[in-house]
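Values quoted throughout were computed directly from the atomic coordinates according to the rules given, and no laboratory measurement underlies them. Predicted, not measured: the structure shown is a model, and the values here were computed from it. In this analysis, Cβ positions are derived from the backbone assuming ideal geometry, glycine residues included, and neighbour counts consider all displayed protein chains.
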Amino acid sequence: MYRILQKDRLHETVERMVIHAPFVARKCEPGQFVMVRIEEGGERIPLTIADYDREKESVTIIYQVVGYSTRLLAEKEEGDFISDFAGPLGRPVDLEPKKRVLGIGGGVGAAPLYPQIRRMKELGAEVDVILGGRTHSFIILEEEFRAFSGEVLLATNDGSAGTKGFVTDVLKQLLAEGREYDEVICIGPLPMMKAVVDITKEKGIPTGVSLNPIMIDGTGMCGGCRVTVGGETMFACVDGPDFDGLLVDFDECIRRQGMYKDMEEHICLIGREG
Ligand code: FAD
Ligand code: FES
Ligand code: MG
């Protein structure tokens with residue numbers, strides 16, 4: 001059992017939890033994730049390690065409440081326990097020292113982006129960050145990024161903060177101004193990562209992305225998380241989840257992510273009158 005040390009809300013539907021998990025805290029590196037089972041007998045869901053503290057033996061997760069399991073997790077409070085917290089899983093992301101790095105985070109994608117950009121800063125890079133969201137309130141970790149980044153630029157669909165539009169509009173603007181980056185790290189919804197890669201590929205800028213296909217076991221056994229990278233079949237849970245974005249077959253990822261949509265969106269008729 002894993003104790004919830006701290007819980008706070010970052011947005012109406014996004015929460016952060018600090019969990020006492022000594023083994024994971026001792027071993028984990030940026031880019032890795034955990035498989036969380038909230039209660040005995042429940043389903044296991046993958047969540048990125050958003051931060052960790054080796055001394056306090058704690059691991060931070062940031063999750064958006066989107067369905068049954070994340071709702072169950074959100075019902076837990078400080079001092080409560082969660083049943084399983086298996087990890088660290090996946091490959092730590094390969095972060096080489098670079099001069100100038102641009103981080104791009106879409107929605108809750110800012111959470112897995114954070115430890116990677118912070119590590120880049122620790123490795124001596126100058127870092128800028130673009131955060132995107134539907135409105136300003138959907139943008140998370142803005143202050144946390146500001147604490148160590150050069151510039152933190154925002155893009156919102158409704159113009160409530162920063163540029164009215166998408167993160168790609170800000171990216172295009174930065175590149176048009178002549179900004180040069182040795183690497184872009186982009187984490188967010190698949191269509192956003194695809195659109196960013198369309199731009200960076202043209203400019204020849206190495207771009208790391210993090211893929212989040214459906215994962216069942218998280219250990220390379222079930223094949224659920226199959227992706228194609230550079231024409232080769234990979235399993236995101238053991239070969240990723242971070243990959244060279246310039247090589248990812250995003251169209252296949254988008255197709256596979258929608259595979260269970262019909263089942264997810266079924267409307268339960270039990271208990272309805274008539
Ligand atoms: P459901 O109603 O069951 O599903 C809602 C949506 O969540 C689905 O449409 C699907 O896109 C996704 N999903 C559902 N089950 C899974 C599954 N087993 N594996 C992957 N995706 C699933 N979300 C966060 O909010 N924060 C994170 O840090 C985070 N990190 C992730 C890291 C990885 C490596 C992966 C693969 C996914 C990550 N996700 C993260 C997505 C998160 O796992 C899903 O939001 C969660 O499983 C939803 O569960 P649910 O029962 O609440 O919703
Ligand atoms: Fe089963 Fe990756 S989740 S192979
Ligand atoms: Mg679920």
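Computed about its Cα centre, the charge dipole of the stretch 145-203 is approximately 140 debye, with only Lys, Arg, Asp and Glu carrying charge at their Cβ. Most simply put, the stretch 110-259 has about 45% antiparallel DSSP beta bridges, counting only bridges with both residues inside it. Applied to the stretch 128-140, the Karplus parametrisation 6.51 cos²θ - 1.76 cosθ + 1.60 on θ = phi - 60° returns per-residue 3J(HN,Hα) values of 10, 9, 10, 10, x, x, 4, 9, 4, 5, 7, 8, 10 Hz, with x for Gly and Pro.
For the stretch 148-229, the set of trypsin sites (Lys or Arg not before Pro) satisfying both a DSSP loop assignment and a count of at most 13 other C-beta atoms within 10 Å is given as 179. Between residue 151 and residue 27, what FRET efficiency comes out of the Förster formula 1/(1 + (r/R0)^6) with R0 = 51 Å and r the beta carbon distance, rounded to 0.05? The computed FRET efficiency comes out at 0.95. DSSP beta bridges confined to the chain are antiparallel in about 60 percent of cases. Extension gain, residue 247 to residue 78: 0.36 nm times the residue separation minus the Cα-Cα distance gives 56.7 nm. Extending 7 Å from the Cα toward the beta-carbon at both residue 255 and residue 176 defines two label points whose distance is 3.5 nm. Label separation (residue 55 vs residue 202): 4.8 nm, computed from points 7 Å beyond Cα along the C-beta direction. When the chain is treated as a GNM with alpha-carbon contacts under 10 Å, the residue of 148, 166, 85 showing the greatest mean-square fluctuation is 148.
About its Cα centre, how strong a charge dipole does the chain have in debye, to the nearest 20, once Lys and Arg get +1 and Asp and Glu get -1 at the Cβ?
On the way: 32 positive and 45 negative charges, 31 e Å.
Dipole magnitude for the chain comes out near 140 debye.
Quick check: residue separation of residue 40 and residue 99 times 0.36 nm, minus the Cα distance between them. What number comes out in nm?
Going from the current span to full extension adds 16.6 nm.
Here the sum of -39500 (n - 2.57) over DSSP H runs of 4 or more residues, divided by the residues of the chain, equals -7000 deg cm²/dmol at 222 nm, to the nearest 500. Of the GluC sites (Glu not before Pro) found in the stretch 100-183, the ones in coil according to DSSP and having at most 15 other Cβ atoms within 10 Å of their Cβ are 151, 177, 180. Cross-link pairs exceeding 23 Å in C-alpha to C-alpha distance, out of 172/194; 98/201; 27/99, comprise 27/99.
When you filter the GluC sites (Glu not before Pro) in the stretch 52-91 for DSSP loop state and at most 12 other Cβ atoms inside 10 Å of their Cβ, you are left with 55, 75, 77, 78. Going out from 0 in 10 Å bins, what whole percent of all Cα-Cα distances in the stretch 79-203 drops into each bin? Over the stretch 79-203, the share of Cα pairs per 10 Å bin runs 13, 43, 32, 10, 2, 0 percent. Can you tell me the orientation of helix 167-176 relative to the chain, as the angle in degrees between its alpha-carbon axis and the longest Cα principal axis, to the nearest 10? So the inclination is approximately 20 degrees. Scattering from the chain was approximated by placing one identical point on each alpha carbon and applying the Debye formula without solvent; log10 I(q)/I(0) at 0.07, 0.11, 0.13 1/Å stands at -0.25, -0.62, -0.88.
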